[in-house]
Amino acid sequence: MRTDSGWHRVILAGACAAVWWLPVHALDAATDRSGSVTLPAASVNASGITTAVLQSTRQTRQAQATASVLDPQPLLALAAQLQAARANAAATTVAAHSASAEAQRAATLYHDGENASLQQVQAAAAQAAQAQAQAQIAQSREVAARSGARAQWGEALAALARRGPQALNAYADGRSALLAVVLPAGLATTPGDTIALSLPDGGRRPAHLIGASPRADAVVQGATFFYRVDGAGLRTDQRLSASVPLGGASQRGVTVPDAAVIWYAGQPWAYVETAAGHYQRRPLSVAARNASGWFEAGGFRAGERVVVRGGELLLSQELLPPPGVKPAGGDDDDG
C-alpha cells in the first residue's frame, strides 16, 4: 500500500485549491471533529498565518434588513406635478385678485355716476366670481396632490418633491440612489440614521435615512424606510441586504474583522489562536455583520487573537482525513 503524499503537498501549497477538490468523505469526517487545528511553528511561519488582537467594543442592536433600489422616475414625475399644481394655483389666485379689483373699480365708477354701466358692473362681477372659483379649484388640486404625495412617499420625500424636480437632480442623474429598506416583520422601532449596505462584490456602503415610508412591503410586511445612498454601480430593482442599527441599550463585545471570516457549509467562521500553533474554529452570526466587521457579543473575548490571514489554509488542514484513512481516489500499489 502506498501513501498519496501529493495530497499533503497540495493542501499546504494552496489552501483555496485544497478546499475546492477535497473528497466528499473528508468533508463529512470534519463535521465530527473538534474544529481545532495544531500546526508546528515551522508550518505557521512558512504559511504566513497572521493574527490580530480583538478589541472590546460597544454596539447598539442590529437587524438584517432588505434594501431595494427604487426607480426615481415616479418621484421625479410627482415633483413636476406638484410644481405645475403650485404654479397653476398661484396663477389663478393672481387672476382672481385682478378680476376682483376690476369688479370693484367698475362698481365704484357706476356708483359715482361715471362712465360705467350696470351691465359692465355685472359682467366684471361675474368674471371675478369665475376667476375666484378657478383659483379655489386650483388650490384644491394642489392640496390633493400634496396629500397624495405624502400618502405615497411619506412626509420627508413629499417635502423634497415639493421643492421641484431640481431638488431631485442627484437621483435623476444617478449620483444618488433611493432605497426602500424593509425591517423584519414585528420589529417596531425606528432605525438608525446610517445603515451599512452590503454590495454584491462584498463591499459596504453607508446609506442615510430620509424618512419613514407610509406603505408596508407586500412580502415582508415590516416597517419600511427610505434611505439615500451613493448610486455608483447600483441598478433599479436591485435587492441588497443591509445592517440596520436599532434603538435601545448598547451591547459590549468584540468586532471580528472581515479579513478573519471564512465560509464553510454556508456558515461564517473565524479561527482563534488559543495557544502558539493551536487554532480553534468558531461560528459567527450572520446577523452580526455591520459596517466595520462582525460584532459578536459572545463566543469571542477581547484580547484573543483571531486569524486574519491563512484561515483557508487552517480549514483545509482541519478537513484532512484522520491518520491512516486514505483519501478517495487514491490507488493501491500492489507491486
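Enumerate the strands (runs of 3 or more DSSP E) found wholly within segment 218-312, keeping only those where 3 or more residues are more than 20 Å from residue 47 (Cα to Cα) and not polar (S, T, N, Q).
Working: elements: 224-230, 239-245, 251-256, 262-264, 267-275, 278-283, 293-296, 305-309.
Fully inside segment 218-312 and qualifying: 224-230, 239-245, 251-256, 293-296.
Does segment 96-106 include one or more residues that are in contact (Cβ under 8 Å) with a residue 12 or more places away in the chain and within 30 Å of residue 160 (Cα to Cα)? Yes, segment 96-106 has at least one match.
Just one residue in the set 36, 68 is surrounded by 13 or more Cβ atoms within 10 Å (Cβ to Cβ), under 30 Å from residue 257 (Cα atoms), under 29 Å from the mean Cα position of the chain (by Cα) and not basic (Lys, Arg); that residue is 68.
In summary, residue 173 fulfils each of the numbered conditions (1) acidic (Asp, Glu); (2) under 30 Å from residue 85 (Cβ atoms); (3) in contact with a strand residue (DSSP E or B) (Cβ under 6 Å, 6 or more places away or on another chain) with the single exception of condition (3).
Against the numbered list (1) out of contact with any Pro (no Cβ under 8 Å at 6 or more places or on another chain); (2) open to solvent by 20 Å² or more (accessible area, probe 1.4 Å); (3) among the small types (Gly, Ala, Ser), residue 299 comes up short only at (1). When residue 131 is tested against (1) buried (at least 18 other Cβ atoms within 10 Å of the Cβ); (2) at pLDDT 90 or above; (3) not aromatic (Phe, Trp, Tyr), exactly one condition is not met: (2). Within the set 20, 7, the sole residue that is of a type in the set (A, V, I, L, M, F, W, C), more than 30 Å from residue 179 (Cα to Cα) and either surrounded by fewer than 14 Cβ atoms within 10 Å (Cβ to Cβ) or at pLDDT 70 or above (or both) turns out to be 20. Residues in segment 212-229 that are modelled with pLDDT of 85 or more and surrounded by 15 or more Cβ atoms within 10 Å (Cβ to Cβ): 212, 213, 223, 224, 225, 226, 227, 228, 229. Just to be sure, is residue 126 assigned to a helix (DSSP H, G or I), of a type in the set (A, V, I, L, M, F, W, C) and open to solvent by 50 Å² or more (accessible area, probe 1.4 Å)? Judged against the criteria, residue 126 is a match.
The values are calculated or read from the model by the stated rules, or taken from the named source; none is laboratory data. Remember, predicted model here, so these are calculated numbers, not experimental data. A quick note on method: Cβ atoms are made from the backbone with ideal geometry, for glycine too, and the neighbour counts reach across all protein chains shown. In case anyone asks, the SASA skips ligands and DNA or RNA and just uses the protein heavy atoms, side chains included. Shrake-Rupley method; radii C 1.70, N 1.55, O 1.52, S 1.80 Å.
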